[in-house]
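Following: one structure in structure tokens, then a few remarks.
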Amino acid sequence: MSDLTDRLDDSSFGPFTPFVQDKGRLSSYFALLRLHYDRAERTFRLIREAAKAPDAERFTVLLLRDRDWRRSLVGAVAACYMPTPTVIEEVWQCVDAGSWVSPQLLAVLSVIDRAFADRALQRLREHESRSTGDQRYSYAKSASSIIALLLQHASDHERATYWEGNQAMRKILVDDIANGGAIATSWKTNLNDVP
């Protein structure tokens, strides 16, 4: 986290300020967590409008750098409406930092980043070096999300020969106590309902 984001308060997010000021209204965050679009429709609409502001990219980057899961979630939704290279890179950085909402971030990336599969596989290969210590379960949630999202597009042959027989992959899935893969695939499926 940079010194800049350490000093930010809830009024420092430009067009996204209304989404981060009132943490007491958690219902919109919870609707976003599981992406129940029927419950989150208003929030999506407002974020989409905020993403049209001239400086929205800069503030989306700040949301993603902040590392508060609520702000990261708002940043992920904003990224859907402005998939610039800068925003895509910041979403990856948020995932790499071990975000609590990494399944949601990865679902968004699987939709907006044309290089998702290559970038996701690279992170999966790096997972083993991160699979110990305090962030073990956070990285397992991210890795499980990547596996689940990649499996959506894998052939039957690929599933049988690589994914399902790979012991390292099985260990990742065991370590993922949050079931990140199911969250990521559900989020990606529900993103299709979002205008």
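Taken together, the values in this text are just the output of simple stated rules run on the coordinates, not laboratory data. Everything numeric in this text was worked out from a predicted model, so none of it was measured. Ideal geometry is used to build each Cβ from the backbone, glycine not excepted, and the neighbour counts take in all protein chains shown.
Brief remarks follow.
- Here the simple spin-label model places points 7 Å from the Cα toward Cβ, and for residue 55 and residue 82 these points are separated by 1.1 nm.
- Ranked list, fewest to most other Cβ atoms within 10 Å of each Cβ, for 102, 12: 12, 102
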